[in-house]
Amino acid sequence: MLEHLLASWARSSLPTTEIRRTAYFKTQRASRGCFARVVVVGALLGPTSAAARNWRIVPDGSGDAPTIQAGVDSASAGDVVLLAPGTYSWTSQASNPPSMLRLAPGVSLRGEAGAAVTILDAESMGRVLECVDAGPVVIEDLTLQNGLASEANGRGGGIDARGASLPAVRRCVFRANVATGGSARGGAIACVWAGIEDCEFVENVAALEGPTNGHGGAIACTDAEIVRCTFRGNRVRGFEAASGGAVEGISPRIVDCVFEDNEAASAGTTIGGAVRATGSPLLSRCAFRRNVVDGHYFSATAGAASIGSGSVTDCLFLDNVAKCERGPGRGGALVGDELTVQGSVFVGNAALRTNPQGAGQGGAIFAFFRSVIEHSTFVGNSGGTPDGVACLDLSEGGTLRSVLITHTTLGQTCRGDATWSCSLLFDNVSGNTVCGTDAGGNMSADPLFCTDPRTAGDVSIHADSPCAAGSGAGDCGGIGAGVVACAAEAVEARTWSDIKSLYRGQSAR
């Protein structure tokens, strides 16, 4: 079906971007599976026709063509340009601005021996690779580094995929790529759609100094499937606005990914230290650690992820921060409109104002509209000051079931008129009372963690925890996201003489 749609684009009078999105979403309505889009593209890419061939390129120019671009220009749709190990630089490839390489329609680019030994280095003289109306292509097993997209509105320092391009990017490393100038998008990748698997994004940047605003420090795609990827130290900055320290998009599906030490910072509107996604995105089995959103005048929203009316399943949010110098920090870990959160863990996140130190709105979660939170654990989150909201700020309430909240440090535990059931609140600085309607099954008791989750981020529980299914949780089916991972604690009987012997040699007081 998609092949037919691709062939029909040239005959249509609609704008290319809208054609691609319309065609693409028609193919998806029958299936909402997380990997559906990647599967569609993969099916089109293989097997190739019998006439397809590999064009092997060698760094010293002794291959089937003297340069990568010469190999691409010689290839036909369905061919693969295969790069032997080595470094291919802007200088050695005799490249011309604005891009080191331009991928032809249907021609794929592959590293012969993997990304660690196959490096495309643009030397900060232009972007690494552009795809314009390239259709389905594969880019895999390469390192793309030091790309620079510095046009009036820079896009994709590593890869800029425009128009009718459907890239599948696999097992690649993107390092120190930059998009800047005007409204800069995608330090590493800018696209309409991409399937991105098993890739690593390190220290990519959207927007440098001056009057420019950055969006998507690593990836800025209208839509994308992002699977088993790692994002470390990516950032966006903005003169007036910045969003998505690592990823920005509309309804992306992000699965089995790790986001660490990413940042969004600006003087104005600042959203999403790691992810900013509108629409209805999905985050599943992802880890967010030490991401920061840093605002100045107005507000800083979502230390880790801002996801519209999206869903979060089986994710970890650890030590993320939403901070603003003069306005409130909102959602130290997560912000959304109508959120659905299930089976997730929030430890040590914070929302605050910094000058002077002031209240934050939702150290863990801030939601604008009614949201659903189930079977999730919240430990040691902070609202910045005693009058902040340390954990859940649900402006219009919602439904909370089987939620565990404990050890909040600064601020009230929750805010908003929600309905609570089968939940446990324990040892929170401002008390252990639910905010809103008590629908039954709620309690306050030590959850009996196996280790201190504030240091390890491990929320597993003892077999005799009140949160364990069939234990104190009664008919609730378990409380929180922790699994039983250690046996019930035995209590050793001791005599009074035994106890006194522990303090032998110390002065009685």
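The values are calculated or read from the model by the stated rules, or taken from the named source; none is laboratory data. Since the model is a prediction, treat every value here as computed from it, not as a measurement. Neighbour counts are summed over all protein chains in view; Cβ atoms, including those assigned to glycine, are modelled from backbone coordinates with ideal geometry.
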(request) Could you check how many residues of segment 68-97 are part of a loop (DSSP other than H, G, I, E, B), among the polar types (S, T, N, Q) and surrounded by fewer than 18 Cβ atoms within 10 Å (Cβ to Cβ)? (result) 3
(request) Can you confirm whether segment 148-166 contains a residue that is within 20 Å of Val258 (Cβ to Cβ) and either touching an Asp or Glu at 6+ places or on another chain (Cβ under 9 Å) or surrounded by fewer than 22 Cβ atoms within 10 Å (Cβ to Cβ) (or both)? (result) no
(request) Looking at (1) of a type in the set (A, V, I, L, M, F, W, C); (2) at pLDDT 95 or above; (3) in a loop (DSSP other than H, G, I, E, B); (4) closer than 28 Å to Trp193 by Cβ, find the lone condition where Ala52 falls short. (result) (2)
(request) All but one of (1) surrounded by fewer than 24 Cβ atoms within 10 Å (Cβ to Cβ); (2) within 12 Å of the chain's Cα centre (by Cα) hold for Ile226, so report the exception by its number. (result) (1)
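Out of the residues in segment 175-191 that are of a type outside the set (D, E, K, R) and within 10 Å of Ile219 (Cα to Cα), which is surrounded by the fewest Cβ atoms within 10 Å (Cβ to Cβ)? Steps first, please.
Filtering segment 175-191 down to residues of a type outside the set (D, E, K, R) leaves 176-184, 186-191.
Filter once more, keeping what is within 10 Å of Ile219 (Cα to Cα): 186-191.
Working: Gly186: 33, Gly187: 38, Ala188: 38, Ile189: 35, Ala190: 31, Cys191: 26.
Here the answer is Cys191.
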(message) As an exercise: evaluate Cys414 against (1) crowded, with 16+ Cβ neighbours inside 10 Å; (2) more than 25 Å from Gly332 (Cβ to Cβ); (3) not aliphatic (A, V, I, L, M) and give the number of the one condition it does not meet.
(response) (2)
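Would you say Gly441 is touching a Lys or Arg at 6+ places or on another chain (Cβ under 9 Å), touching a residue at least 12 places away in the same chain (Cβ under 8 Å), part of a loop (DSSP other than H, G, I, E, B) and on the phi > 0 side of the Ramachandran plot? It would help to see each step written out before you state the result.
Details: touching a Lys or Arg at 6+ places or on another chain (Cβ under 9 Å): yes; touching a residue at least 12 places away in the same chain (Cβ under 8 Å): yes; part of a loop (DSSP other than H, G, I, E, B): yes; on the phi > 0 side of the Ramachandran plot: yes.
In short, yes.
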(message) Residue pairs, Cβ under 6 Å, 6 or more apart or interchain, first in segment 137-161 and within 26 Å of Gly78 (Cα to Cα) and without any contact (Cβ under 8 Å) to a residue 60 or more places away in the chain, second part of a strand (DSSP E or B) and aromatic (Phe, Trp, Tyr). List them.
(response) Leu144/Phe174; Gly158/Phe174
(request) Tell me, please, whether a residue that is in contact with a Phe, Trp or Tyr (Cβ under 7 Å, 6 or more places away or on another chain), more than 17 Å from Gly336 (Cα to Cα) and either of a type outside the set (Lys, Arg) or at pLDDT below 95 (or both) can be found in segment 410-432. (result) yes
(request) Would you point out which residue out of Thr269, Thr313 is closer than 26 Å to Ala184 by Cβ and either in contact with a Cys (Cβ under 7 Å, 6 or more places away or on another chain) or among the polar types (S, T, N, Q) (or both)? (result) Thr269
(message) Of everything in segment 213-244, what is of a type in the set (Gly, Ala, Ser), under 14 Å from Ser306 (Cβ atoms) and either assigned by TED's automatic domain parsing to the domain that holds Ser280 or in a strand (DSSP E or B) (or both)? Give them in sequence order.
(response) Ala241, Ala242, Ser243
(request) Please work out which one of (1) surrounded by fewer than 18 Cβ atoms within 10 Å (Cβ to Cβ); (2) in a strand (DSSP E or B) is the condition Tyr297 fails and give its number. (result) (2)
(message) Being modelled with pLDDT of 95 or more and surrounded by fewer than 20 Cβ atoms within 10 Å (Cβ to Cβ) is the requirement here; does Ser251 meet it?
(response) yes
(message) Cβ-Cβ distance below 6 Å, separation of 6 or more or different chains: which pairs start in segment 333-350 with a residue that is assigned by TED's automatic domain parsing to the domain that holds Ser311 and crowded, with 24+ Cβ neighbours inside 10 Å and end on one that is among the charged types (D, E, K, R) and in a loop (DSSP other than H, G, I, E, B)?
(response) Gly348/Asp319
(message) One residue is enough: does segment 356-365 have a residue meeting the conditions in the same structural domain as Ser402 (by TED's automatic domain parsing), among the aliphatic types (A, V, I, L, M) and crowded, with 24+ Cβ neighbours inside 10 Å?
(response) yes
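Take the conditions of a type outside the set (A, V, I, L, M, F, W, C) and not in a loop (DSSP other than H, G, I, E, B) and apply them to Glu209. Does it pass?
Here the answer is no, as Glu209 does not meet what is asked.
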